Amino acid sequence: MAVYQLAKNDKGQYLCPKCQGNLRFVDGTAVQIVDGRADMSAILPKYECHHCGIYFQELLGSGFFDEHDLPQQPKTKVLNVRRTGDLEPMILKKDVNNQCVCPRCGQKMDFVEGQAVRIVDGRADMENVKDHFDCPHCSSKFRRIASTDYFQWSEK
């Protein structure tokens, strides 16, 4: 990365040397742990340009600023989730990994085998007594209809 002497506009704000836009001041924060090591650069104030995806930090009070790339935010995947009213009872089969494609969001959901009745807060918990599929992506549950191979979306 390059070292710059940043110019100021008439209001005293620093300008980005690449796009000439105003840089946003961000005060230093607490020491952060990155990859198991203390990141001391987080305590220094910086000037960010989101247009260019870079930030500048002053080098030892010299008036010269070192350029760095802004950290990329992980992009969240948007799920296209079908409405529960559009779901008909269907046959669901588990694969060798005890998973199946979720009919609601298209991601992999897990097969949960029936378990013994558990006592929770002094009451019988019957939620996991029967086999069902559980999707961690859209929080859907598909429960078996009676003793058939058909499964239907369930609220709980």
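Numbers at a glance
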| read-out | value |
| --- | --- |
| Residue satisfying all of: in the stretch 38-62; among the charged types (D, E, K, R) and within 25 Å of the chain's Cα centre (by Cα); farthest from Gln13 (Cα to Cα) among these | Asp39 |
| Selection within the stretch 19-63 - open to solvent by less than 70 Å² (accessible area, probe 1.4 Å), part of a strand (DSSP E or B), at pLDDT 85 or above and not charged (D, E, K, R) | Val26, Tyr47, Cys49, Ile54, Tyr55, Phe56, Gln57 |
| Single condition Pro89 does not satisfy, out of (1) in contact (Cβ under 8 Å) with a residue 60 or more places away in the chain; (2) within 30 Å of Phe133 (Cα to Cα); (3) surrounded by 15 or more Cβ atoms within 10 Å (Cβ to Cβ) | (3) |
| Scan of the stretch 110-151 for residues that are among the charged types (D, E, K, R), in contact with a strand residue (DSSP E or B) (Cβ under 8 Å, 6 or more places away or on another chain) and either closer than 24 Å to Val96 by Cα or open to solvent by 70 Å² or more (accessible area, probe 1.4 Å) (or both), ordered by number | Asp110, Arg118, Lys130, Asp131, Asp134, Lys141, Arg143, Arg144, Asp149 |
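The values are calculated or read from the model by the stated rules, or taken from the named source; none is laboratory data. From a predicted model like this one, the values you see are computed outputs, not experimental measurements. Heads up, the Cβs are rebuilt from the backbone with ideal geometry, glycines too, and the neighbour counts pull from every protein chain shown. Protein only, heavy atoms only, side chains kept; ligands, DNA and RNA dropped before computing areas. Shrake-Rupley method; radii C 1.70, N 1.55, O 1.52, S 1.80 Å.
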